[in-house]
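One structure below.
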Amino acid sequence: MQSFFAPHDEDLVLNIIMRTSSFEKMFLPLLMESNELSDYFWQMLYEKDFSSILLFHCSDNREIRHLVLQLYYESQINHYHSLLIINSYVLLLFAQLIRNHIKDVQKISGADSTHNTAKIFQYITANKATITLGKAAEHFGLSQGYLSRYIKSRTGYTLSALVQKLRLKEAAYLLINSSLSVEEIVYQVGYTDVSNFYRVFKESYQMTPGEFRSLYC
């Protein structure tokens, strides 16, 4: 559930809703960065009942205002290829926000447990190549059973399933944005069995790593 409001009668409020799959595809390069913003988006994508927001203070940025208005206009006319143009505007909007306003962005949390979950998720994403439940539990001073149940309750995934998703996303990014061989990528993201990687990658993307690289490069 979500809600939004305009503080003043003259305000214009636009609610832009994206599918999770679309967001992941469009912002994969951003997700692969190692910073608080990428951690926030990973948490947003995989945490159930996520209640934090990012507030960008950009009222004086005319270019962002123009992009938002163009987004609205394109959504209303619904012409041929409007969806493609809308996606492009969304990418430009986020690029402008990150380039010009990332230093003063304000994170507002709506739940007390969000901070703890953020720390756990940051640890998982930073150590996804080598992480185990035992290592994570020891790092946070928790029992393995408690941590396993906590991650499942907050994300809907077991730790191993969540780590697999993160590893596959990094592998997909490296296939498109590096010259590393598939085997090098396999070991870099934390897999030790090449054949197992090929199997789970094909299950997730409906194509082999080589086909995926050929399609997007």
- According to a simple spin-label model (label point 7 Å from Cα along Cα-to-Cβ), what is the distance in nm between residue 143 and residue 33? 4.1 nm
- Message: Return the Rg/Rh ratio of segment 116-194 with Cα-based radii and a Kirkwood Rh.
- Response: 1.02
- Message: With θ taken as phi - 60° and the coefficients 6.51, -1.76 and 1.60, list the Karplus ³J(HN,Hα) couplings across segment 57-74 in order, rounded to whole Hz; mark glycine and proline as x.
- Response: 8, 9, 5, 8, 8, 5, 5, 5, 4, 5, 4, 5, 5, 5, 4, 4, 4, 5
- residue 182 accessible area, nearest 10 Å², 1.4 Å probe? 20 Å²
- Item | Note, ³J(HN,Hα) from phi for segment 194-202, Karplus 6.51, -1.76, 1.60, rounded to Hz, x at Gly and Pro | 4, 5, 5, 4, 4, 5, 6, 5, 5
- List the residues whose amide H sits under 5 Å from the amide H of residue 107, counting only those 5 or more places along or on another chain, with H placed 1.01 Å from N in the peptide plane. 55
- Nearest-ten-degree value, helix 144-155 long axis tilted from longest Cα axis of the chain: 30 degrees
- Report the dimensions of the chain along its three principal axes from the alpha-carbon atoms, largest first, rounded to Å. 57, 44, 29
- With contacts defined as alpha carbon pairs under 8 Å and 6 or more residues apart, what's the relative contact order of segment 58-169 in percent? 17 percent
- Note on the structure: Square roots of five times the C-alpha gyration tensor eigenvalues of segment 1-65, ordered largest first and given in whole Å, equal 25, 16, 12
- Filter the cross-link list 48/119; 103/128; 25/165; 128/152; 135/169; 135/165 down to pairs whose alpha-carbon distance in this structure exceeds 25 Å. 103/128
- Before anything else, pin down the relative contact order of segment 120-217: Cα pairs under 8 Å, at least 6 apart, normalised by residue count, whole percent. 23 percent
- Item | Cα→Cβ-extended label distance, 7 Å offset, between residue 4 and residue 157, nm | 2.6 nm
- Query: How big is the equivalent ellipsoid of segment 93-153 along its three axes, where each semi-axis is √(5λ) from the Cα gyration tensor, reported in whole Å from largest to smallest?
  - Reply: 30, 15, 9
- Query: What share of all Cα pairs of segment 52-178, in percent, falls into each consecutive 10 Å distance bin?
  - Reply: 10, 26, 26, 26, 10, 1
- Could you work out the local net charge near residue 190, counting Lys and Arg as +1, Asp and Glu as -1, over the other residues with Cβ closer than 14 Å to its Cβ? +1
- Item | Pairwise centroid distance, computed over Cα atoms, of segment 65-85 with segment 198-215, Å | 33 Å
- Relative to the first principal axis of the alpha-carbon coordinates of the chain, what is the inclination of helix 159-177, with its axis defined by its Cα atoms, in degrees from 0 to 90 and to the nearest 10? 70 degrees
- Item | Integer Hz, Karplus 6.51/-1.76/1.60 couplings in order for segment 26-34, x for Gly and Pro | 6, 10, 4, x, 5, 5, 7, 6, 10
- Task: Obtain the nm distance between the two label points defined at residue 207 and residue 66 by a simple spin-label model: each point lies 7 Å from its Cα along the Cα-to-C-beta direction.
- Result: 3.5 nm
- Query: Once you list every other residue whose beta carbon is under 10 Å from the beta carbon of residue 24, what net charge do they have if Lys and Arg are +1 and Asp and Glu are -1?
  - Reply: +4
- Task: Please report, largest first and rounded to whole Å, the three semi-axes of the ellipsoid equivalent to segment 1-117, where each semi-axis is the square root of five times an eigenvalue of the C-alpha gyration tensor.
- Result: 24, 18, 16
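The values are calculated or read from the model by the stated rules, or taken from the named source; none is laboratory data. Everything quoted here is computed from the prediction, not taken from an experiment. Note that we place each Cβ from the backbone using ideal geometry, even for glycine, and neighbour counts take in every protein chain shown. For the accessible areas, the whole protein counts, side chains as well, though only heavy atoms, and no ligand, DNA or RNA atoms are used. Shrake-Rupley method; radii C 1.70, N 1.55, O 1.52, S 1.80 Å.
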